[in-house]
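The structure under discussion is supplied below as structure tokens; questions concerning it will follow.
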Amino acid sequence: MKVEVNLKAFEEAVQKITEKYMIPGTSVAITQDGEIFYHKGFGFRNVNDSLPITEDTVFGIGSITKSFSCVAIMQLQEAGKLNVLDSVIKYLPEFKVKNEEALKHITIHHFMTHSSGLPPMSSLSYAMKKSMDFDPSVKNYPGLNIDLEDREPIDTYEQLMKFIAEQDFELLGAPGTHFSYSNDAYALLGTIIERISGKSYEQYIYDHILIPCGMENSFFMIEEYGEYENITTCYAEDRSDGTKRIVAAPIWWDAPSMRAAGFLKSTSRDMLMYAEIFRNAGVVNGKRILSEESVKEMVKPHIQAQPGRFYGYGLMITPDYFGTTLVEHGGGLKAISAQLSILPEKGVSGVVLTNLAGVPAARVMQLAFNAYGGRAVDASHLSFEKYDIAEERLEQYQGEYQSNEGMKVSIKIKNGKPVLLSQNIEIPITFVKENIFIANVNDSTEIAEILVNDNSEPYGISYHFRQFPKVVIKLST
């Protein structure tokens, strides 16, 4: 009875989020020991035609695709075809960075854990350029702060490696020492998978993961669905008249050179079958997809991504989530906000899929797990005490932080209190340590860290799992 009451509260909370963010459609599903315990579609896969959402409605999953790439790498390691501790240049001799000595020490493991030292770059946008050139909704996509007219598309792995080699950047640090989310590293994992397996990346994923898992409605290209009709319409914001409207924007973005980083499409049913790999020690429907040892490596907290959260292989790990381990990953792109979460020790998995970018799918998943766990629907596993930061220190943190990926944030003091400016929105922040603050972004708690050098001088910020260098204002003479 307690769970039923909490499920009612959960559905009311999701409805509020749906209305607040104007989400056209959301699919939420939870399994216990591999059996679907709960599914509900909120809204519609197509609003104009009032088409419902089922467990088999196709959505994009964005960066949840990264875990598939890591499953593939671990399978190839089990087959003796590579080792995650191999240097990447063993398989990618064209891969170059300015620091040639450090390059020798970048391993596949570093790519899988976002710890290669590669900073965020703008390559993903150029990889999607052909799709975006045909999409009138691109002007409304949040976070796109680069000029796509200044170079050709990046369509191949070779073009991607050439692009990286041409960039003038320093590694964030020695390989293995700095976490910063890297779509480029994951795209290059796709290159390694192709070169080692002798198959295209997509075909390898089909043959060794999707088909064995029974994921019948999961593909990379929308054209591969043929006459299958249970597919969501893509939606986007439109502010052209000064007010926020959500409009149909049916063009799916694609990036052939970046598919290993985030372009798989799937359904709630398929994704919960996939989650069995991590809940059930590598076995799905009686078929062994990964060895138990490989699964343990994938969900091991290899490197801290932010206080209390770590990155494994293609998965985020929270060792203490209400006293148990949480294994998860999110995904976001045009018309995509997705979340896959697993509580292996509890035998529980959940997935949230939506058809609009920039909405809190992870928060919806948290609410669902709270409801299922018998907790208050808005309960949080996080607790912080406010840190009284010195005014002088806060003034040092003020300024703009910008990554080469096109994202930028600013810290400023307003009415004596610190705020974060992101995408033209002012977000109040609370410091919990001298260099760590929290912010409520899209109804979720974001933890950020001011990066300081040996002299305690701020040189960047770790925010949204990426490192942003502090913009240095050069005075003219």
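In the neighborhood of Pro120, defined by Cβ-to-Cβ distances under 13 Å, what is the net charge if each Lys or Arg adds +1 and each Asp or Glu adds -1?
Charge balance near Pro120 sits at 0.
Let me ask another. Largest first, please: the extent of the C-alpha atoms of the stretch 311-441 along each principal axis, to the nearest Å.
49, 34, 28
Could you give the nm distance between label points at Glu426 and Arg393, where each point is 7 Å from its Cα heading toward the beta carbon?
Here the answer is 2.4 nm between the modelled labels.
Using only alpha carbon pairs under 8 Å that are at least six residues apart, calculate the relative contact order of the stretch 340-445 and give it in whole percent.
Once divided by the residue count of the stretch 340-445, the mean separation gives 18 percent.
Could you do me a favour and compute the accessible area per residue for the chain, 1.4 Å probe, result in Å²? Write down the numbers at each step before the final one.
Details: 20590 Å² over 477 residues.
The answer is 43 Å² per residue.
Can you classify the stretch 194-344 as rounded, prolate or oblate using the Cα gyration tensor, where a ≥ b ≥ c are the square roots of its eigenvalues, rounded means a/c under 1.5, and otherwise it's prolate if a/b beats b/c and oblate if not?
oblate
May I ask which residue of Phe384, Tyr274, Ser291 lies farthest towards the positive end of the charge dipole of the chain, with charges of +1 (Lys, Arg) and -1 (Asp, Glu) on Cβ and the Cα centre as origin?
Selected residue: Phe384.
Now, a different point. For the stretch 1-131, rounded, prolate or oblate, judged on the Cα gyration tensor with a ≥ b ≥ c (square roots of eigenvalues), a/c < 1.5 rounded, else prolate if a/b > b/c? Kindly include the intermediate steps, with their values, before the conclusion.
On the way: a/c = 2.87, a/b = 2.02, b/c = 1.42.
Prolate is the answer for the stretch 1-131, as a/c is 1.5 or above and a/b outweighs b/c.
Moving on. Length gain on complete extension for the stretch Phe322 to Tyr459, per 0.36 nm per residue less the alpha carbon to alpha carbon distance?
Working: separation 137, 0.36 × 137 = 49.32 nm, distance 3.42 nm.
Here the answer is 45.9 nm.
Let me ask you something else. If each of Ala379 and Lys296 carries a label point 7 Å out from its Cα toward its Cβ, how far apart are those two points in nm?
Distance between label points: 3.0 nm.
Find, among the GluC sites (Glu not before Pro) in the stretch 336-397, those assigned to loop by DSSP (not H, G, I, E, B) with at most 12 other beta-carbon atoms within 10 angstrom. Walk me through the numbers before you get to the answer.
On the way: sites: Glu345, Glu385, Glu391, Glu392, Glu395; in loops: Glu385.
Counting only loop positions with at most 12 other Cβ atoms within 10 Å, the GluC sites (Glu not before Pro) in the stretch 336-397 are Glu385.
Sticking with this structure for a sec: Gain in length, Tyr38 to Asp168, computed as 0.36 nm per residue apart minus the alpha-carbon separation, to one decimal in nm?
Value of the extension gain: 41.8 nm.
Would you be so kind as to identify which of Ser87, Leu148, Ser115 lies farthest towards the positive end of the dipole of the stretch 55-149, taking Lys and Arg as +1 and Asp and Glu as -1 on Cβ and the Cα centre as origin?
Ser87
Next question, about the same structure. Would you mind telling me the share, in percent, of accessible area of the chain contributed by carbon and sulfur at probe 1.4 angstrom?
Working: 10030 of 20590 Å².
Result for the chain: 49 percent of the exposed heavy-atom area is carbon or sulfur.
Report, as a whole number in µm² per second, the diffusion coefficient that Stokes-Einstein gives for the stretch 385-461 at 10 °C and 1.306 mPa s using the Kirkwood radius over alpha carbon pairs.
124 µm²/s
What list of ³J(HN,Hα) values in whole Hz, one per residue of the stretch 396-413 in order, does the Karplus curve 6.51 cos²θ - 1.76 cosθ + 1.60 (θ = phi - 60°) give from phi, with Gly and Pro shown as x?
Karplus-based 3J(HN,Hα) across the stretch 396-413 equals 5, 7, 4, x, 9, 10, 9, 9, 5, 6, x, 7, 8, 9, 9, 10, 9, 9 Hz.
Arrange the peptides 284-291, 73-80 so that the one whose residues have, on average, the most other Cβ atoms within 10 Å appears first.
Descending mean neighbour count gives 73-80, 284-291.
Taking a cut-off of 12 Å between Cα atoms, list the aspartates and glutamates near Lys139, but don't count ones fewer than 8 places away on the same chain.
Asp147, Glu237, Asp238
Is there a pair in Lys40/Lys66; Lys20/Lys265; Lys20/Lys417; Lys265/Lys334; Lys334/Lys470 whose C-alpha atoms are over 21 Å apart, and which pairs would that be?
Lys40/Lys66; Lys20/Lys265; Lys20/Lys417; Lys334/Lys470
So which aspartates and glutamates can Lys130 reach, going by Cα to Cα under 12 Å and dropping same-chain residues fewer than 8 places off?
Glu149, Glu152, Asp155, Asp254
Quick query: amide H of Tyr321 versus all other amide H atoms, modeled in the peptide plane; which residues come in under 5 Å with a sequence gap of 5 or more or a different chain?
Leu326
Same structure, new question: If you take the beta carbon distance between Gln304 and Glu19 as r and set R0 to 25 Å, what does 1/(1 + (r/R0)^6) give as a FRET efficiency, to the nearest 0.05?
With a Förster radius of 25 Å, E is 0.10.
Still on this structure: Would you calculate, for the chain, the mean residue ellipticity at 222 nm contributed by helices, counting each DSSP H stretch of 4 or more residues as -39,500 (n - 2.57) and dividing by all residues, to the nearest 500?
Numbers: 14 runs with 125 residues, N = 477.
About -7500 deg cm²/dmol.
Set the Förster radius R0 to 45 Å, insert the Cβ-Cβ distance between Asn83 and Glu149 as r into 1/(1 + (r/R0)^6), and round the FRET efficiency to 0.05.
Once the sixth-power term is evaluated, E becomes 0.60.
Then there's this: Evaluate the charge dipole of the chain about its Cα centre and quote only its size in Debye, nearest 20, assuming +1 on the Cβ of each Lys and Arg and -1 on the Cβ of each Asp and Glu.
Taking the Cα centre of the chain as origin, the dipole is about 540 debye.
Just name one of Val348, Asn46, Pro256: the one whose Cα is farthest towards the positive end of the charge dipole of the chain (beta-carbon charges, Lys/Arg +1, Asp/Glu -1).
Of the listed residues, the answer is Val348.
Ordered by residue, what ³J(HN,Hα) values in Hz, to whole numbers, does the stretch 123-133 give under the Karplus form 6.51 cos²θ - 1.76 cosθ + 1.60, where θ = phi - 60° and Gly and Pro are x?
Using θ = phi - 60°, the values come out as 4, 4, 5, 5, 5, 8, 4, 4, 5, 5, 5 Hz.
In debye to the nearest 20, how big a dipole does the stretch 1-71 give about its Cα centre with +1 on each Lys and Arg Cβ and -1 on each Asp and Glu Cβ?
Its charge dipole is roughly 280 debye.
Now for a separate question. Excluding Cys213 itself, what net charge comes from residues whose Cβ is under 13 Å from its Cβ, given Lys and Arg +1 and Asp and Glu -1?
0
Looking at [x] 31.6; [y] 25.3; [z] 23.0, which value of Kirkwood radius over Cα pairs in Å comes from a calculation on the structure shown?
Answer by label: [z].
Also: How about Lys199: which lysines have a C-alpha closer than 17 Å to its C-alpha, ignoring those fewer than 8 places off in the same chain?
Cross-link targets: Lys81.
Under 8 Å for C-alpha pairs, at least 6 residues apart: give me the relative contact order for the chain, rounded to a whole percent. Could the numbers behind the result be given before it?
Working: 1003 pairs, mean separation 93.3, N = 477.
It comes to 20 percent, rounded to a whole number.
Could you derive backbone 3J(HN,Hα) for the stretch 312-328 from the dihedral phi with the Karplus parameters 6.51, -1.76 and 1.60 (θ = phi - 60°), listing whole Hz in sequence and x where the residue is Gly or Pro?
Couplings: x, 10, x, 9, 8, 10, 10, x, 10, 10, 6, x, 9, 8, 10, 10, 7 Hz.
The values are calculated or read from the model by the stated rules, or taken from the named source; none is laboratory data. If you're wondering where the values come from, they're calculated on a predicted model, not measured in any experiment. Note: ideal-geometry Cβ built from the backbone for every residue, glycine included; neighbour counts use all protein chains shown. Note: accessible area is taken over every heavy atom of the protein model, side chains too, but ligands, DNA and RNA are not part of it. Shrake-Rupley method; radii C 1.70, N 1.55, O 1.52, S 1.80 Å.
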